[in-house]
Amino acid sequence: MGKSELTPEEQFLKEGDRSAAFITVDVHDPVMQTLGLGGTFPAAEAQSPQQDRMAPDIMRRMETEAGMGRSRKRRVSLRVWAAALLVIVLLGGGYTQFSGELRQGAQFQYKVLPYKPLQATKSGGMIEKAKEPLTLLPAQVQPSKENKIYSMKNSKGYNTLEKLLLPGEYATYFITRGKEEPYLGMYRPPITFKDYAAYKTSVEKYNAPIVKQPGYMPEGYALDQAIIKPSFIKVPDEKELGGGSERDLGDNFRLTWRVEKTENIAYLFSSLVYKKGDVQVRIGASRVDDEAKPAESLSWTKTTKVENIEIGGKQLIYLEPSSNEKIDLGYTYNLIWPDLEAHIIYHVTVRQEKSELTKDEVIRIAASMMN
């Protein structure tokens with residue numbers, strides 16, 4: 001059937017929901033009143049104040065289970081419900097029901113699914129939770145005095161290289177003391193930019209994975225910096241550094257290093273950092289080796305919420321620490337998804353002390369990058 005042969009209602013459903021172009025309205029009450037079914041939800045279905053506070057104006061949380069058990073039920077014929085659904089669709093509500101928890105907004109829809117690993121490489125490398133959750137070390141298992149000394153000497157060695165090496169130079173180094181096992185370190189400071197145009201030019205120069213600017217960012221957030229991180233293709237052992245440059249770090253510790261050649265440097269990660277006050281939204285892209293297994297291992301604890309989010313047929317993994325988390329995972333919200341064809345894994349990570357951003361807003365940021 002050609003476009004001209006479709007009824008206005010059929011054409012609307014064929015071309016998709018156009019409700020994004022209009023101010024969002026709640027059509028439930030008028031429709032129910034027209035059908036003679038009343039204009040209120042049963043008490044068990046009403047949204048809680050908590051849900052109202054957590055959802056942005058353009059979104060509305062909906063649950064698949066109405067919890068009608070304790071409320072008064074009213075039998076309605078299938079024909080009447082079908083008519084109600086048709087009226088809602090024709091008014092531009094764009095409601096869709098899924099088997100999981102449904103979130104619906106004027107701009108996009110998503111559903112929440114149980115966690116499962118996501119394939120990130122064609123050879124089967126997965127994005128998955130680490131096999132074991134993180135746990136707090138017992139009080140008696142604390143870093144030893146020797147470990148603290150090595151850590152201090154490592155910082156001193158890194159700072160020494162920062163002063164000696166030229167911009168764009170990177171190095172592998174060892175810190176040794178007598179015949180003790182050496183400490184391996186890598187001097188790879190990130191390349192930072194303040195504007196997107198300079199970042200994009202350097203991404204092309206270094207063949208780094210690019211992070212496109214998101215189509216949506218909450219009001220007040222601006223690009224703070226863009227970052228490209230170098231990596232070493234091969235890490236030398238201590239013997240390969242023989243004859244390299246050396247410095248005395250005191251207390252019988254010595255620093256030995258080698259400046260890495262250009263052919264041993266790859267740029268496999270880049271990110272954009274948006275800020276509003278103290279709140280950061282970090283969007284990163286990592287290129288992964290096709291043979292890497294797992295492609296990425298995700299840290300979690302026994303109280304971390306881990307679930308899958310589906311947007312337009314594509315799935316992401318969502319992690320959120322509990323409010324009483326005892327281990328700092330470094331984020332408030334974390335979203336990860338793969339681009340299987342490009343061998344790239346994307347992250348949207350938010351760290352905040354107060355409830356500035358909601359889960360729905362963070363998911364909308366990710367959704368705006370997947371179109």
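Structure summary
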quantity	calculated
Cα-projected label distance for LYS239 with VAL273, points at 7 Å along beta-carbon direction, nm	4.1 nm
Segments 289-298, 360-369, 312-321, 233-242 sorted - mean Cβ within 10 Å per residue, highest first	360-369, 312-321, 289-298, 233-242
Contour minus Cα-Cα distance for ILE149 and MET186 (0.36 nm per residue)	11.5 nm
Sites SER368 and LYS179, calculated FRET efficiency, Cβ-Cβ separation with R0 56 Å, nearest 0.05	0.50
Residue-normalised accessible area of the range 219-371, given per residue in Å² at a 1.4 Å probe	50 Å²
Nearest-0.05 FRET efficiency for LEU164 and GLU353, computed from C-beta distance (R0 51 Å)	0.85
Estimated distance in nm for a label pair at GLU132 and TYR196, the labels positioned 7 Å out from Cα along Cα-to-Cβ	4.4 nm
R0 of 35 Å, Cβ-Cβ distance LYS293-GLU219: FRET efficiency to nearest 0.05	0.25
³J(HN,Hα), Karplus 6.51/-1.76/1.60, whole Hz, each residue of the range 217-222, x for Gly, Pro	9, x, 4, x, 8, 10
Summed residue charge, Cβ within 13 Å of TYR199's Cβ, Lys/Arg positive, Asp/Glu negative	+2
Cβ-defined net charge surrounding PHE269, 11 Å radius [Lys, Arg +1; Asp, Glu -1]	+3
Carbon plus sulfur fraction of accessible area for the range 180-299, probe 1.4 Å, in percent	45 percent
Given LYS148/LYS354; LYS122/LYS200; LYS200/LYS354; LYS129/LYS302, the pairs whose alpha carbons are separated by over 22 Å	LYS148/LYS354; LYS122/LYS200; LYS200/LYS354
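The values are calculated or read from the model by the stated rules, or taken from the named source; none is laboratory data. Given the structure is predicted, the values throughout are model-derived calculations rather than measurements. Don't worry about glycine lacking a Cβ; one is built from the backbone with ideal geometry, like all the others, and counts go over all protein chains shown. What goes into the accessible areas is simple: the full protein's heavy atoms, side chains included, and nothing from ligands, DNA or RNA. Shrake-Rupley method; radii C 1.70, N 1.55, O 1.52, S 1.80 Å.
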